[in-house]
Structures are given as C-alpha cells and as structure tokens.
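The values are calculated or read from the model by the stated rules, or taken from the named source; none is laboratory data. Since the model is a prediction, treat every value here as computed from it, not as a measurement. Please note: Cβ atoms are built from the backbone with ideal geometry, for glycine as well, and neighbour counts cover all protein chains shown. When the accessible area is computed, the model is the full protein with side chains, heavy atoms only, and any ligands, DNA or RNA have been set aside. Shrake-Rupley method; radii C 1.70, N 1.55, O 1.52, S 1.80 Å.
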Amino acid sequence: AADALVIFTPSGKRGRVPTGTSVLDAARLLDVDLDSVCGGRGICSKCQVTPSFGEFSKHGVHARENALSEWNAVEARYHEKRGLAQGRRLGCQACILGDMVIDVPATSQVHKQVVRKAASQRAVTMDPATRLVLIDVAEPDMHEPSGDYERLATALDEQWQIGPVTAPLSVLRKLQPALRRGKWQVTVAVNIADTPARVIDIWPGYHEGPLWGLAIDLGSTTIAAHLCDLTTGQVATSAGVMNPQIRFGEDLMSRVSYAMMNADGAQAMTAAVLDALNTLATEICAEAEVAPRDVVEAVFVCNPVMHHLLLGIDPVELGQAPFALATSGAVTLSATELGLTAVNPAAQTYLLPCIAGHVGADAAAVALSEAPDKSDELVLIVDVGTNAEILLGNRDRVLACSSPTGPAFEGAQISSGQRAAPGAIERVEIDPVTKEPRFRVIGCELWSDDPGFAEATAATGITGICGSGIIEAVAEMRMAGLLDASGLIGGPEQTGTPRSIAEGRTYSYVLQDDRPAGGSLIAVTQGDIRAIQLAKSALYAGARLLMDEMGVDTVDRVTLAGAFGAHISPKHAMVLGMIPDAPLDKVTSAGNAAGTGARMALCSRAARAEIEQTVSKITKVETAIEPRFQEHFVAANAIPHATAPFAHLRS
Ligand code: FES
C-alpha cells in the first residue's frame, strides 16, 4: 500500500503510515496519545477523533444509503446504539486512505493536562497508575490444563503488552464468574505503576468506569480527603473530619509520648485514624454516588508521626534524637494491607516519601505542588498547620524544616476557636479610632455592620473564630492599639473602649456579645493571644533558621499554604510577624498545597517519580536540636518582632 502523511493535532506529531491503517494504529505508531479501553473493538468510544483535513475510509459499507454508509460497520453499529457526535469518528475503526490532519480531542487523551487552579500551582498531566482494559480471554480446554487466571494474564500481555502481572485473592475470587458471565470478555483494572503490574479488579464484559482515587491530607488536627476522577483528574467531592487521635494528645509530641507511656498506645491511635479514614471514605463516596469498589487508588500525605501511626509503626524513635524514620522512601501497599476497608480491597495506596524525621510526606507534597526547586526567585513556603512545614529555596538549593506551632492556627486552644465552617468569624477589622470591630463569617458575603447581616447569618448563627479570623483579630488589635508589642491586652482605661473586659487579672476584647439574646460571648482573651504568640513565634523562628542556613536576610517571595493558607491575609500575617518581612505583593497564598501535591501524585506516575527524586535533594534542618531556634523563638514573641525591622509594614 502507498503511504499517507498524517498529522495529529494538538500534539503536532506526524509521519507516514500505509494507507488502510486505522487511526488508533497510526497513533500508536507515531506515539500519539489516543485513549482506548476496549483495544480497538469498537466498544468503548474512548478513541474518538475528528478529521480536520482529508478523508477517512469509506470501506466496510453499511447497508443503509445515508451518511452512515460511509462508516465502517462496527462504527455504524456503535453510532446506532450509543451515538457519536457530529464529525466524530471511532479512531480504532476509521482507516486512513490519504493525507490527513486528525484532531484528538482532550477527552480522548489519556495524558490530558488538568487545568491548574491557582497561578502558582502546576498543571498536571494525567498519567494514572491504574487503568481499565478490555480483554478477550481464551476459554479453558481440557487438553491444555491452565488456570483461568493464567489465560487472563496471557491475554493481558498479548492484547495490551502489560508484561507479567499478579492478582490478589480478592480478584481470584471474582475471576471465574466474571469470565463466564462476560462470555470470556472482561474488563480489568490494572495497576501498571509497579513491575509486575497488578490486577485490581475484574468486571464481566465492558465496564465503563471511570475509576476513582482518593487524595488524603492526613493532618494532626484535621483529615481532608478529595475524591478524584482518574480519567479527568477532576475532584468530585471533598470532605474533612477532625483527626480522632486528638484525644490521645493535641500535638505530635504528646501523641508520641502517649505511645511511649502506653503498651498499646500506638495501636489504639492507628485503629482510631483508620476508623476515621474509613468513615470519611464511605461518606465521600456516598455523597458523590461512587461505588467504593470503583475507588482504586489512595494517596496519603502526612507528617512523619501521622505516617508511622497510619502504617501501625510505633513512632517512639521520632520522639528522640536522631529522629530516625522506620522508612523514608515512598510506601506502596494494598488497601487491605493498610486497613482501608471502605475502598476496593486491592486498591493501591501510596504514601509520599518523607524528607526526614521531622519533615514528612506533607512537606514533600508541598515541594511537589509549589516546586521551589524550579524557581529562580528565593521562595519561602510556609504550610501552616498544627505542625508547620517550611521550605526555603530556589533552583540551586532547597532547605526544609518543620516547626511545632501547635493547633492554635486551626482554631484549637483558642477560647472561642473553631474549625473553618459556616458561622465562624473569618475576617476582622477594628476601627483604630472607635475601637469598634466589624467582621465577616464563613458562608455570608456581608460584613457585620451591613444591613441584613443578622438575617443572613440567622441560620448558622455566629459560632466562633476560625484560624484566619484569629490571625486577623490579633493583628487588628495590635494595629488599633488594643494590644502592646509584648502581646498584653489593655484594660478599658488604656484602650478607651468598654469592649476591653476584665477576666481575672487580665483583659479580653469582646468581638460580639450575644448573651442577652441567648447567644454566646465571642472574645479574644489574653490566653488566646499567648497561644497565637507561641504559634507565630515557632513559625517565624523556623523560617528564620532556614534563612540563616541559606545565609540570607530577606527572601524574594513568600507563599502561604495550608488548609486555610488561602484564607490568611498576607497583611495580617505580616503585622503579626508570622512570616519574615517581604514586599506585600510578594506574599501570596497557594491554598492547600499539600492536598494539591497529593492530587498530583494520585493523577500522575511522573509526579511520583519526580517527588521521589526531589526529596533526596532537599536539605533538612532540624529545629529541635538547633540552639538558634530558641533565640529566634524568643525574639519573635513580640508583635511583630523584638528586633527585626519589618520595613515593609511601614509602607
Ligand atoms: Fe474502544 Fe475504539 S478503542 S471504541
């Protein structure tokens, strides 16, 4: 046969193929990304293409004398049964007869780019570890006494070049009925990330999918999960719960001590977190109407103590120098082995690698999402949580540390504190003259002094202050002169406002007093200020320590990350002295960078390979044994700071 020139868009890949070649085969020959689940059987329609120049085959003439007559018979049958959009053809059926330009729409690309959310976030190219494939398995033959599984493995390799495979018991149990019900045609979900590949599940005949994955950010205080479509990378549902391990200790070190002091302490904490994860997975699937069986991947990011407790590894070594991890590399294991029962039993779970004993997979996930190692500018990335993950670097060098900020930034240990939820105060302004506050609550667009605010918040009420709210409240109190540089709240005589009320020997500042109407008093107490001072000093000291190590006094850019990082106002963070001084327009929010990193690792094998590489190049700085940390911590106690000039605050 003569050759035809084919150009694929949008990739621009081109080459000559013999006329009569199907588009799917041409795509494979020219290394064009064209999806297929059924392997060219005209069943899945994942291979759809649009000819933009030239003409496809007219052979395989269909009986009817209409537009369909130009179609291949298999394609015509598909169109009659399920319909193909105008101009679309099945790439596995349409053959190339002459020079052509063929467009591969995004929906037909396996490795489609997933739209990025924020400017700072990187676009992800879909490259999931688990995919669906349709295969025809040879029927058993008394003269060839091989098992059904062995013939399935042969078919997988012959029809999809998957190489050797293994299958867990959960698959072997379903194998025989599935093969017979599907008349020896089955769809299997196969994880190709490892060698040998692993069969995850099996369905009789053609199974449409999509497959799903969970990206889980397992924090010391909260657990957040995102259910992602493994074909498109889109998040269908997100949900969060409190980490039930809190009852064993609020912060990491108290949980490590609990494990040291109690014989089955670690086990009890592992059981508690698995229980919460299973409940969360069940709820999130129910909400998205996804069958738990279709959830075939889960990726975890967490700090080292959470990491060990999730795996059922006693974390005692992490509580004492030299803070040795049981394993620092990425961990891959099945959901059953992990104890995650609310997803497919053979689902693969993947834990990102840890950087060091105090700098975990959550910091690795932030590094993956924010890519400081690819930045020309010197960027400081602060992931605010109960334990702050801090990264400083550029393309030459990246440093990392963690700092024990405590749960104050998440609204815990704050008298009126609460998790970010409807009804929580999230924005605060205080008039420097009248000392009167106005605020906004989550779930309402209005400010508290806008008309209609009371009606708009009637349903939720005003229930407390969340992390971003307390940061703004304290910073605004400082700017309004309600608070001195040492963090002491002034009494009514000094501040001139009756909102300063005595509470024992100290004062509180009242944001809202609803007690006459049967509501509650929401105030910032001296204890709250102390908790915030401890948290922000720890954060600042960690950042400062990395700057010392890097030999710099300033950074080019500051990125605030964390579940509520997106909600922290850069100005207030700087007034408080949470972060080193920088031009305000160079302080940005990255949202939940650890969660984004988890999603990237869920959607892309390349992202996993990248982060496994990157962590080995990140230098870890240990705050716990560094004497300068203490010095920095003490100096950072003042608001914003005892000695650092904070030049950008004046402008
Ligand atoms: Fe499945 Fe073409 S590859 S329909």
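Here each label is just a point 7 Å from Cα along the line to Cβ, and for ARG173 and GLU139 those points are 2.9 nm apart.
Taking the DSSP beta bridges in the chain as the whole, what percent of them are antiparallel, to the nearest 5? Antiparallel bridges: around 70 percent, rounded to the nearest 5. Loop-resident trypsin sites (Lys or Arg not before Pro) (DSSP state other than H, G, I, E or B) in the range 453-511 with no more than 10 further Cβ atoms inside 10 Å of their Cβ: ARG505. Surface calculation, 1.4 Å probe, protein heavy atoms: LYS617 sits at approximately 140 Å² accessible. Across the chain, C-alpha contacts under 8 Å between residues 6 or more apart give a mean separation that, scaled by the residue count, equals a relative contact order of 11 percent. Got a sec? Charge dipole of the chain, +1 on Cβ for Lys and Arg, -1 for Asp and Glu; which of PRO407, SER589, TYR78 is way out at the positive end? Farthest towards the positive end: TYR78. Based on the Cβ-Cβ distance from LEU488 to ASP450, what FRET efficiency comes out when R0 is 35 Å, to the nearest 0.05? Calculated value: 0.60.
Where in the range 100-114 is the amide nitrogen less than 18 Å from a point lying 7 Å along the Cα-to-Cβ axis of ARG14? Label zone hits: 100-104.
Normalising the average separation of contacting C-alpha pairs (under 8 angstrom, six or more residues apart) by the number of residues puts the relative contact order of the range 5-45 at 27 percent. Rounded to whole numbers, the Karplus 3J(HN,Hα) couplings from phi for the range 298-306 are 9, 10, 10, 10, 6, 7, x, 5, 4 Hz, using 6.51 cos²θ - 1.76 cosθ + 1.60 with θ = phi - 60°, and x at Gly and Pro.
Relative to the longest principal Cα axis of the chain, at what angle does helix 467-479 sit, 0 to 90 degrees, rounded to 10? Tilt relative to the chain: about 30 degrees. Annotation: amide H-H contacts under 5 Å for ILE162 (H modelled 1.01 Å from N, sequence separation of 5 or more, or interchain): ASP157. With the convex hull of its Cα atoms as the shape, the chain has an orientation-averaged projected area of 36.2 nm². Taking all protein chains as shown and a probe of 1.4 angstrom, VAL17 keeps an accessible surface of around 0 Å². Label point of ASP31 set 7 angstrom out along Cα-Cβ; within the range 582-615, amide nitrogens under 20 Å from it belong to 605-607, 609-610. Available extension along the chain between ARG438 and LYS374 is 18.9 nm, counting 0.36 nm per residue and deducting the alpha carbon span. The Cα center of the range 566-591 and the Cα center of the range 348-364 differ in position by 26 Å. Between ASP194 and ARG82, full extension at 0.36 nm per residue minus the direct alpha carbon distance yields a gain of 36.8 nm.
Rounded to the nearest 500, the 222 nm mean residue ellipticity of the chain from helices alone is -8500 deg cm²/dmol, with -39,500 (n - 2.57) taken per DSSP H run of at least 4 residues. With respect to the chain, whose longest principal axis is taken over its alpha-carbon atoms, helix 526-550 is tilted by about 60°. Under a model in which nothing but the beta-carbon of Lys, Arg (+1) and Asp, Glu (-1) is charged, the chain shows a dipole of about 800 debye around its Cα centre.
Here the calculated FRET efficiency for GLN113 and ARG505, from their Cβ-Cβ distance with R0 = 56 Å, stands at 0.40, rounded to the nearest 0.05. So, R0 is 45 Å and r is the distance between the beta-carbons of GLU283 and ALA2; what FRET efficiency does that work out to, to 0.05? Computed FRET efficiency for GLU283 and ALA2: 0.15. Across the alpha-carbon atoms of the range 517-583, the computed radius of gyration and Dmax are 15.2, 57 angstrom.
Over 21 Å apart: what share of the alpha carbon pairs of the range 576-651 falls there, rounded to a whole percent? Counting pairs separated by more than 21 Å, the tail of P(r) holds 57 percent. Rounded to the nearest 10 degrees, the inclination of helix 169-181 to the longest alpha-carbon principal axis of the chain is 40 degrees.
Heavy-atom accessible area for SER238, with the other protein chains in place and a 1.4 Å probe, reaches approximately 60 Å².
Which of the pairs LYS571/LYS620; LYS46/LYS81; LYS374/LYS620; LYS46/LYS112 have their Cα atoms more than 20 Å apart in this structure? Over 20 Å Cα-Cα: LYS571/LYS620. The share of accessible area on the chain that comes from carbon and sulfur is 53 percent, using a 1.4 angstrom probe.
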